[in-house]
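Each remark here refers to the structure printed beneath this line.
The values are calculated or read from the model by the stated rules, or taken from the named source; none is laboratory data. Keep in mind it's a predicted model, so treat the numbers as computed, not measured. Cβ: placed from backbone, ideal geometry, glycine included. Neighbour counts: every protein chain shown.
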Amino acid sequence: MNKIDLKLLMKIAGMDGTPKGAFNIRKNSQLESRASSENIIITSKTDQPGIDIHIKPGTKKESVHIPVLITESGIDEMVYNDFFIGEDCDVDIVAGCGIHNDGPECSQHNGIHTFYVGKNSRVKYSEKHYGEGDGAGERIMNPQTVVHLEEGAFIELETVQIRGIDSTKRYTKIIAGKDAEAIITERLLTHGKQSAVSEMDVILDGEGANARIISRSVAQDSSQQTFYPRMIGNSKCFGHVQCDSIIMGDAKIRSIPEISANCADAQLVHEAAIGKIAGDQILKLMTLGLTEQEAEEKILDGFLK
Amino acid sequence: MLQIENLSFQVNGENGVTDILKNVSLTIPDNRFVVITGPNGGGKTTLAKAIMGLVQPVTGSIRYDGTEITGLSVTERARLGISYGFQQPPRFKGLRVQDLLSLAAGKASLSQDECCRYLTQVGLCSCDYLDREMDTSLSGGEIKRIEIATILARNSSLMIFDEPEAGIDLWSFARLTETFKGIRDRGGVTLLIISHQERIIQLADEIVVLSEGELRQKGPRDEIFPLILADTVAGCSYMEGVHQ
């Protein structure tokens, strides 16, 4: 791996070289390196591009990293990664995609991640997107995440995309069984002429299921963002959707949260707010000795942290 | 030393131009504890904001430690050693209490012990607050006390507090007056506090009375405070009866 690869790995997965435990690094549509562990087995799919990750029941305090790197201009790939997580696990899964595009052609990554989380298992999944490069070619990412939570299963799903990606269409679907729980945190910053669409369906099927969606975004310059977080309660459950956006410059933001209850015992709440940075916030930080620009950066950093 | 000369401020409203400050002149020597008081709408907050640079006066000048600061930005004044505690502080989604205190202290990250020191002085236990976000999950009184803690962390040579008692419960207020007294006793800081609270006024070296945009009285506490009390009941037969 060269310097660019290492920088991308650090940006998207916090990896300083090869990580501890199981991992699969994909670069320019090819397998770069892979390691399974005793409890986490990674194998290539035979019918389509992508991998299967099997995590044995009872696996605790282990992690698996599956970053994707694209450093060539003109790549357009579709990858299917399936995660089979046994019962009573407690694991961290770190994904993410970094694109360095210095060329004239578009570089695009489309990924479909499907999780089957076994009974009473806990999963922390983080996915960061990062783009860079001086080329005129666009950097495009279209990830899909589908999560099936069995009884008592839990997933904390964190997605981050701060600058660098010209266009993204994200889709997330969660189906929560009895007493299952999902926390979905989305953080997004677009600038220039970038566009981002994030669509979510969270289906609370089982009794006692609960979910929270926390979406925070910043749209700068003339970028555009659209959010469609939808939550459906099919049983006695609790769901909360919170979308907060800061709008700047000539940006445009649409936020369309939807909650649907198909059961009288479903409690669903949604909150959505779009606004610019308040003047008194900037002034307060200026009274602490920050310049106007530094104050704005601190406010945005904190908001997206 | 803070020197204010002929400061005027006006606003344009539906009823035409209204004078908020009328040729206010005031000199505050170093290391003094000065309370500005007076009726609501008298121009106290505007004067404090003008010193910090949050509003620009129409005429007049402000000098601090010999430097003409009337044309300086808020940031430049802050860097010269002026700080200002907002009467209604803003909230920040995502910024934690520890982040704000660190920014105030001018450090990348203030230690837990240091944060604890500032929060304790405003009656808050740091363990409960350091990781809390400065958002709507905090009450108005909590936000106000954290605001005061940021000024303590800033440790500037001129600290301006705009009605620090507003929204603060009785127990925390008692702690706060002790904190102000401690700052005064340690010395090295000029305290300029807008307040209506007798317990704060009683700590002052000097009292300034501002009313209808004009400086009405200024002098040592023992001289001015009885005049304020007399003025409070003058013309009100019921209050005069109570005080007899």
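Quick notes
- Some residue of segment B:44-62 being in contact with a Gly (Cβ under 7 Å, 6 or more places away or on another chain) and away from every other protein chain (no Cβ under 12 Å): yes
- Residue in segment B:194-213 that is out of contact with any Ser or Thr (no Cβ under 9 Å at 6 or more places or on another chain), part of a strand (DSSP E or B), away from chain A (no Cβ under 14 Å) and within 30 Å of B:Val17 (Cα to Cα) present: yes
- Which listed residue is surrounded by 21 or more Cβ atoms within 10 Å (Cβ to Cβ) and either touching a residue at least 60 places away in the same chain (Cβ under 8 Å) or under 24 Å from B:Phe173 (Cα atoms) (or both), from B:Leu110, B:Leu101: B:Leu101
- Residue count for segment A:222-231, restricted to those that are more than 16 Å from the chain's Cα centre (by Cα) and farther than 14 Å from A:Ile165 by Cβ: 3.
- Matching residues, segment B:16-48, being surrounded by 21 or more Cβ atoms within 10 Å (Cβ to Cβ), assigned to a loop (DSSP other than H, G, I, E, B) and in contact with a helix residue (DSSP H, G or I) (Cβ under 9 Å, 6 or more places away or on another chain): B:Gly38
- Residues satisfying the stated conditions in segment A:283-299, i.e. at the interface with chain B (Cβ under 9 Å from one of its Cβ atoms), in a helix (DSSP H, G or I) and either out of contact with any strand residue (DSSP E or B) (no Cβ under 7 Å at 6 or more places or on another chain) or within 20 Å of A:Ala251 (Cβ to Cβ) (or both): A:Leu283, A:Lys284, A:Leu285, A:Met286, A:Glu292, A:Glu294, A:Ala295, A:Lys298, A:Ile299
- Scanning segment A:270-282 for residues that are more than 22 Å from the chain's Cα centre (by Cα) and either more than 8 Å from chain B (Cβ to nearest Cβ) or crowded, with 16+ Cβ neighbours inside 10 Å (or both) returns A:Gly275, A:Lys276, A:Ile277, A:Gly279, A:Gln281, A:Ile282.
- Those helices (runs of 4 or more DSSP H) of segment B:86-191 in which at least 1 residues are at pLDDT 90 or above and either within 14 Å of chain A (Cβ to nearest Cβ) or out of contact with any strand residue (DSSP E or B) (no Cβ under 8 Å at 6 or more places or on another chain) (or both), considering only elements entirely within it, cover B:97-105, B:112-121, B:140-154, B:170-186.
- Of all the residues in segment A:154-167, those that are of a type in the set (Lys, Arg) and assigned to a strand (DSSP E or B) number 0.
- Number of the exception - A:Met141 against (1) in contact (Cβ under 8 Å) with a residue 40 or more places away in the chain; (2) part of a loop (DSSP other than H, G, I, E, B): (2)
- You will find that of A:Gly239, A:Gly302, the residue that is closer than 25 Å to A:Asn210 by Cα, touching a strand residue (DSSP E or B) at 6+ places or on another chain (Cβ under 8 Å) and either surrounded by 17 or more Cβ atoms within 10 Å (Cβ to Cβ) or facing another protein chain (nearest Cβ under 9 Å) (or both) is A:Gly239 and no other.
- Which listed residue, of B:Ile200, B:Ile224, is in contact (Cβ under 8 Å) with a residue 24 or more places away in the chain and crowded, with 18+ Cβ neighbours inside 10 Å: B:Ile200
- The requirement of being in a strand (DSSP E or B), closer than 19 Å to B:Arg216 by Cα, modelled with pLDDT of 95 or more and out of contact with any helix residue (DSSP H, G or I) (no Cβ under 9 Å at 6 or more places or on another chain) is satisfied by B:Gln3.
- Of the residues making up segment B:69-82, at least one is free of Cβ contacts under 8 Å to residues at least 12 places away in the same chain and more than 10 Å from every other protein chain (Cβ to nearest Cβ).
- Scanning segment A:102-138 for residues that are farther than 18 Å from A:Thr190 by Cβ, of a type in the set (Ser, Thr, Tyr) and in a strand (DSSP E or B) turns up A:Thr114, A:Tyr116, A:Tyr125, A:Ser126.
- Identity of the residue in segment B:170-224, hydroxyl-bearing (Ser, Thr, Tyr) and out of contact with any Pro (no Cβ under 6 Å at 6 or more places or on another chain), that ends up farthest from B:Tyr118 (Cα to Cα): B:Ser195
- Some residue of segment A:250-269 being more than 13 Å from chain B (Cβ to nearest Cβ), under 24 Å from A:Lys193 (Cα atoms), touching a residue at least 12 places away in the same chain (Cβ under 8 Å) and surrounded by fewer than 12 Cβ atoms within 10 Å (Cβ to Cβ): yes
- Elements of type strands (runs of 3 or more DSSP E) contained in segment A:41-101, each with 2 or more residues being of a type in the set (D, E, K, R): A:60-65, A:76-85, A:90-100
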